[in-house]
1. Restricting attention to region A:161-178, and to residues there that are touching a helix residue (DSSP H, G or I) at 6+ places or on another chain (Cβ under 7 Å) and among the hydrophobic types (A, V, I, L, M, F, W, C), which single residue is nearest to the other protein chains (Cβ to nearest Cβ)?
2. Quick one: in region A:179-193, which of the residues that are over 23 Å from A:ALA36 (Cα atoms) and touching a residue at least 40 places away in the same chain (Cβ under 8 Å) is farthest from the other protein chains (Cβ to nearest Cβ)?
3. Restricting to region B:151-196, name every residue that is open to solvent by 10 Å² or more (accessible area, probe 1.4 Å), within 11 Å of another protein chain (Cβ to nearest Cβ) and closer than 17 Å to B:SER77 by Cβ.
4. Scan region A:137-149 and give yes if some residue there is part of a loop (DSSP other than H, G, I, E, B), touching a helix residue (DSSP H, G or I) at 6+ places or on another chain (Cβ under 9 Å), surrounded by 12 or more Cβ atoms within 10 Å (Cβ to Cβ) and at pLDDT 90 or above, otherwise no.
5. Does any residue in region A:12-40 that is closer than 26 Å to B:MET218 by Cβ and open to solvent by 10 Å² or more (accessible area, probe 1.4 Å) come within less than 7 Å, Cβ to Cβ, of a residue that is modelled with pLDDT of 50 or more and of a type outside the set (Ser, Thr, Tyr) six or more places away or on a different chain, and which pairs are these?
6. Please verify whether B:ALA61 is away from chain A (no Cβ under 14 Å) and either on the phi < 0 side of the Ramachandran plot or free of Cβ contacts under 8 Å to residues at least 60 places away in the same chain (or both), treating the condition exactly as stated.
7. So which residues in region B:64-100 are within 11 Å of another protein chain (Cβ to nearest Cβ) and more than 25 Å from B:THR127 (Cα to Cα)?
Amino acid sequence: MNCIHSSHNNSAFSSAKRLPPRKCQVVFALLIINKAGGLIYTRTFAPGLQKLDSNDYLILAGTFHGIHAISRSINPAPPPPPSPSTTANSSSSTTTSQPNTQAPPQPPSSTAGNPTRRRPHTTGIESLESSHFRLTCFQSPTGVKFLLFTSPEQPNTDVVVRRCYEMYGDYVMKNPFYSLEMPIRVEKFDRGVAGYLVRP
Amino acid sequence: MPGMAKPPPPPALTHQLADPIPIPPPKPFQPRLRHPSSRKTIYDRNLSRTQTTPTSLPAFAYLFHALITHHHSLSGSVSDIETRLNRAGYPLGIKLLDLLLYRQQTASQRPATRPTRIVELLQFIHTTLWRALWGRTADALEQSTTKRNEYMIVDNEPVVNTYISIPREMSQLNCAAFVAGIVEGVCDAAGFGMEGVTAHWASAQGEAKGEGKEVEEMWPGKTIFLLRFSEEAVGREEAIKANGG
């Protein structure tokens with residue numbers, strides 16, 4: 001456990017190739033979904049996984065995109081501001097929307113009519129766990145989703161997925177030959193992800 | 001607009017049709033050069049700074065990205081892009097020669113001389129230029145065994161290519177052509193006529209890319225800068241050598 005944590009901290013600043021070998025890490029697959037729900041990158045890492053054909057991957061990505069969007073909107077409403085101190089804090093954002101409604105805000109209507117307050121709370125599915133795997137989802141501010149399939153024992157999956165996002169920012173977005181929203185065929189990204197996630 | 005609608009409609013309408021939107025008078029000239037808050041532009045700085053603040057690599061990467069995208073959209077072939085990148089770097093090289101010699105002079109307290117021999121020039125590029133641009137020296141300096149006017153400077157991992165992956169259909173393209181342009185500018189400014197400076201991938205890379213990614217190389221981005229001197233430059237070099245210079 002400790003060895004993994006420390007190696008991740010180092011890896012944020014050093015090249016992926018020079019990492020010390022990690023023995024206990026099991027990452028199954030990495031999928032990247034663009035903001036329209038299309039699958040733009042898929043790669044499996046552990047040997048012995050069941051093979052899916054590319055159509056299945058596309059369906060999987062599209063389905064997850066839909067479920068993620070639903071999970072964002074059916075998220076339970078955040079608690080209404082209970083005391084005057086919190087309303088004073090949030091007044092700067094809400095005064096423009098309710099200058100003429102003097103009545104105390106009712107919980108369901110206030111959250112439904114005020115999406116600006118609700119938005120920060122709804123990140124959608126962040127992780128999904130079963131007895132055989134754990135799915136970690138990270139969504140970038142621009143709507144690109146990174147899905148990481150790992151074993152349930154794998155710690156720090158959020159760090160791993162953020163590191164993948166970092167590599168995406170470096171090698172894909174700074175590559176002049178990559179066109180946005182298209183499948184990622186970028187050699188250095190492949191190499192970087194492999195150096196980081198493939199078990200030595 | 002409500003004010004315009006008040007007067008009787010027919011004269012207003014004809015007036016609008018006859019006279020289109022008047023051309024605004026030309027604005028007085030305003031310089032577009034923006035000054036930082038300290039009112040100091042790049043021209044106000046001391047020329048002989050030896051200790052420079054490091055430049056952000058991602059910031060450079062985005063600028064270089066824009067440069068490549070621009071030239072890529074304008075050009076049709078791989079060699080065309082390389083020529084354009086080369087030309088973009090050329091003026092930098094011409095200025096860098098003088099600038100670096102000037103800085104060398106103040107650093108060592110004696111007047112620096114321009115490199116007049118080919119080897120001197122190559123060492124200047126290999127060491128001084130590379131260190132000024134990328135903070136390290138180039139990795140190797142070689143002479144061609146077959147042609148007497150060809151020299152090679154090897155860089156294992158050019159900084160300009162840090163975030164660039166070449167798509168398979170144009171695998172011959174090397175964006176370090178920009179750096180080759182800088183080198184060509186330096187050579188030309190030093191008085192060595194050049195037939196050209198080009199950037200090439202180290203030989204094995206193209207085939208390895210075509211067959212599969214299993215070939216794990218130590219330096220996948222290894223780049224060779226091929227400097228081809230003109231006949232005059234080589235002839236002059238040999239004349240100096242023959243005179244015992």
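The values are calculated or read from the model by the stated rules, or taken from the named source; none is laboratory data. If you're wondering where the values come from, they're calculated on a predicted model, not measured in any experiment. Virtual Cβ from ideal backbone geometry, glycine too; neighbours counted across all protein chains shown. Only protein heavy atoms, including side chains, enter the accessible area calculation; ligands, DNA and RNA are left aside. Shrake-Rupley method; radii C 1.70, N 1.55, O 1.52, S 1.80 Å.
1. Here the residue is A:VAL172.
2. Kept after step one, since they are over 23 Å from A:ALA36 (Cα atoms), are these residues of region A:179-193: A:187-188, A:191-193.
Filter once more, keeping what is touching a residue at least 40 places away in the same chain (Cβ under 8 Å): A:192-193.
Working: A:GLY192: 10, A:VAL193: 12 Å.
Once the filter is applied, the top-ranked residue is A:VAL193.
3. B:ILE166, B:PRO167, B:ARG168, B:GLU169, B:MET170, B:SER171, listed by residue number.
4. Yes: one or more hits.
5. Matching pairs, first to second residue: A:ALA12/A:ARG163; A:ALA16/A:GLY192; A:ALA16/A:GLY195; A:LYS17/A:GLY195; A:PRO21/A:PRO200.
6. Details: away from chain A (no Cβ under 14 Å): no; either on the phi < 0 side of the Ramachandran plot or free of Cβ contacts under 8 Å to residues at least 60 places away in the same chain (or both): yes.
Answer is no for this residue.
7. Hits for region B:64-100 are B:HIS65, B:ALA66, B:LEU67, B:ILE68, B:THR69, B:HIS70, B:HIS71, B:HIS72, B:SER73, B:ILE81.
Residue-by-condition table, conditions (1) out of contact with any Ser or Thr (no Cβ under 8 Å at 6 or more places or on another chain); (2) open to solvent by 90 Å² or more (accessible area, probe 1.4 Å); (3) closer than 27 Å to B:ALA177 by Cα:
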{"residue": "B:PRO54", "(1), (2), (3)": "yes, yes, yes"}
{"residue": "B:ILE68", "(1), (2), (3)": "yes, no, yes"}
{"residue": "B:SER77", "(1), (2), (3)": "yes, no, yes"}
{"residue": "B:ARG84", "(1), (2), (3)": "no, no, yes"}
